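Q: So that we are looking at the same thing, I have put the structure below in structure tokens.
The values are calculated or read from the model by the stated rules, or taken from the named source; none is laboratory data. Values in this document were obtained by computation on a predicted structure and should not be read as measured data. Here Cβ is always computed from backbone atoms with ideal geometry, including for glycine, and neighbour counts include all displayed protein chains.
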Amino acid sequence: MRLRVRSVCVCVLVLALLCGARGDGGGSRARAPRIERWVKAALQFVKLSLCRRVSLPEGECSRLAHLRPPAVVVYATEASADKVLAILPDSHELFPEASAHDAVLVLDPSPEQSFGHPVVLFYIDFNVTKKRCGHMDGVYLGEECLSLALKTRCQNQLKRRRSRSDRMVGRARFRRSAVSRAGRVERSSGLCEVHFLPLVVGVRDSNRTQRLRCVDHPEFARCPQPLPLTRPSVPISSCELNKNTRRCHQQPLATHLSCRLYQTCDHAVLLSGGWQEQITYQRHVQNLLLFYRMLRNNGFHKDHIKTFFAGNGQVAAKEAEGMYPATEKETIRNHISYICRKQHCADSLVLYLNSPTRNDGTMLLWDRNNNGIADLKERYTVGELLADLAGCRATRVLLFVEQSYTSVLSKRLKSSLKHLNVVLLNGLPLVDTAQFWAPLRPSNCLIDHLSKSATMPRVGDYDAASLLNVTLAGAPCNSTPPLTEAEMRKEYMGCQNLPTALWHQGRRKPDDSQRN
């Protein structure tokens with residue numbers, strides 16, 4: 001009996017030592033001071049030097065100058081024997097210059113915004129002399145060097161090059177507008193900021209496992225809530241981009257059944273890429289469900305709402321019913337184009353866009369090959385979206401956009417004669433688009449609902465205002481006497497049967513898309 005008690009005590013002691021070695025009392029405490037040191041130095045750099053290296057708006061520079069740790073989400077890699085490489089989706093090669101480093105640190109100063117906003121990326125190199133760290137333009141931390149990572153290819157760089165050429169030829173108009181910016185342009189040295197979390201992989205890791213992790217620390221902002229993943233039975237890479245097979249999801253998307261003879265309906269496409277698992281959050285699914293329920297409450301038939309979300313297996317089976325992966329770019333484009341090209345097919349065509357976005361407005365769909373770089377099949381450009389919507393035969397096309405850099409799409413729409421029936425309803429950083437529109441009722445006028453928020457953009461254009469002076473289903477606003485619920489459902493909501501004469505009259509008209 002005494003021997004048994006002694007054995008139990010020894011086992012308990014061993015377990016306690018093991019737990020202390022690998023729990024919060026051991027490894028985490030050993031790493032915490034190092035990460036805290038990195039973050040402190042990085043924040044100091046952001047406050048004092050970032051805007052000398054990167055061309056950011058003055059308002060953003062002022063905000064960053066007062067940045068505090070509780071407002072920043074921190075991502076870092078753990079030190080290991082292997083060096084790591086950082087790869088960005090908007091890069092064309094390993095970033096930058098295919099160089100390897102000991103660790104990577106990322107500060108996200110705007111965690112409430114959709115990805116595509118500027119983040120601050122640092123490399124950490126160990127066993128570096130102060131002199132060598134100085135040559136790297138880094139911050140010396142005592143045998144550790146923290147250096148800012150910047151892109152060498154970007155839209156801003158090309159603009160600065162044109163600006164310099166304009167100064168050389170002596171254009172007075174440019175000189176007047178560029179005087180106040182000259183200092184910052186010179187300091188930025190033709191480099192520009194990073195907009196996404198990189199894929200950080202070991203140099204010898206053929207599986208390309210993400211090493212970058214969010215740091216859960218009481219002094220930093222809370223890590224975003226990740227989406228609980230359900231692993232797919234078949235790898236994403238086995239799903240073709242231009243095909244929907246039963247291996248990828250339950251049933252293929254039969255676009256040709258969306259438009260029926262002698263009938264017009266309200267249609268919707270919901271697109272939320274996410275790009276990679278690390279930036280796919282619970283709120284993305286919640287926003288999709290909110291917007292979906294709003295559409296259903298306004299009479300949209302479930303068969304006419306097509307949802308494309310993330311990759312394959314990112315959503316539980318119950319929630320994923322009726323969802324298609326966002327990897328299928330050709331299917332998405334073909335479906336939108338088909339709805340637009342068919343005469344009388346759509347009355348209201350609604351698009352809800354909530355994807356990570358590059359600074360040129362390009363949406364990232366999903367990194368299906370897990371190489372960290374967005375190739376042509378993994379990104380949906382503004383030009384491609386506008387081509388799919390050009391000359392759309394729907395009565396109205398409503399773009400509900402909840403992502404970064406919507407100004408690019410807005411400018412293109414304003415200057416286009418092929419999108420006169422398209423209205424952009426883009427949210428601002430402090431407005432959750434899905435939550436804002438979730439209470440919309442069938443009798444609510446779009447322009448009236450829009451005016452309820454002081455932070456939502458105002459509609460100044462007459463044509464846009466006229467397109468929004470209806471309900472989501474296209475019913476007139478403030479009719480006298482008011483339409484009953486039965487009249488709304490029969491005459492406007494969902495689908496309506498068209499008279500044969502009207503159908504054939506429309507079919508004999510020349511193709512509207514050819515006029516423009």
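Q: Considering only residues that are of a type in the set (Lys, Arg) and outside any helix (DSSP H, G or I), look in the range 393-430 and name the one that is farthest from VAL470 (Cα to Cα).
A: LYS418
Q: Cβ-Cβ under 6 Å, sequence separation 6+ or interchain: first residue in the range 252-264 and surrounded by 17 or more Cβ atoms within 10 Å (Cβ to Cβ), partner assigned to a loop (DSSP other than H, G, I, E, B). Which pairs?
A: LEU253/ASN244; CYS259/LYS342; CYS259/CYS345; THR264/HIS344; THR264/LEU498
Q: Have a look at ALA486, ALA438 and point out the one that is loosely packed, with under 11 Cβ neighbours inside 10 Å and at pLDDT 85 or above.
A: Only one candidate qualifies: ALA486.
Q: Continuing with this model, one more query. Output yes when any residue across the range 422-443 is closer than 30 Å to ARG208 by Cα and touching a residue at least 24 places away in the same chain (Cβ under 8 Å), and no when none is.
A: Checking the range 422-443: not a single residue is closer than 30 Å to ARG208 by Cα and touching a residue at least 24 places away in the same chain (Cβ under 8 Å).
Q: For the range 349-358, check the following and say yes or no: at least one residue is part of a helix (DSSP H, G or I) and more than 30 Å from ARG260 (Cα to Cα).
A: no
Q: Which of the following residues is of a type in the set (S, T, N, Q), crowded, with 18+ Cβ neighbours inside 10 Å and at pLDDT below 95: THR331, THR395?
A: Of THR331, THR395, the one residue that is of a type in the set (S, T, N, Q), crowded, with 18+ Cβ neighbours inside 10 Å and at pLDDT below 95 is THR331.
Q: Do you know which residues across the range 382-392 are crowded, with 21+ Cβ neighbours inside 10 Å and part of a loop (DSSP other than H, G, I, E, B)?
A: Result: CYS392, single match.
Q: Name, by its number, the condition in (1) of a type outside the set (D, E, K, R); (2) in contact with a strand residue (DSSP E or B) (Cβ under 7 Å, 6 or more places away or on another chain); (3) without any contact (Cβ under 8 Å) to a residue 60 or more places away in the chain that does not hold for SER337.
A: Answer for SER337: the failing condition is (2).
Q: Please indicate, with yes or no, whether at least one residue in the range 312-325 is more than 26 Å from LEU85 (Cα to Cα), of a type outside the set (A, V, I, L, M, F, W, C), modelled with pLDDT of 95 or more and not in a loop (DSSP other than H, G, I, E, B).
A: no
Q: For the range 471-490, name all the residues that are closer than 15 Å to THR264 by Cα, within 37 Å of the chain's Cα centre (by Cα) and not aliphatic (A, V, I, L, M).
A: GLY474, ARG489
Q: Listed residues VAL119, VAL72; which is in contact with a helix residue (DSSP H, G or I) (Cβ under 8 Å, 6 or more places away or on another chain) and in contact (Cβ under 8 Å) with a residue 12 or more places away in the chain?
A: Just one listed residue meets the conditions, VAL72.
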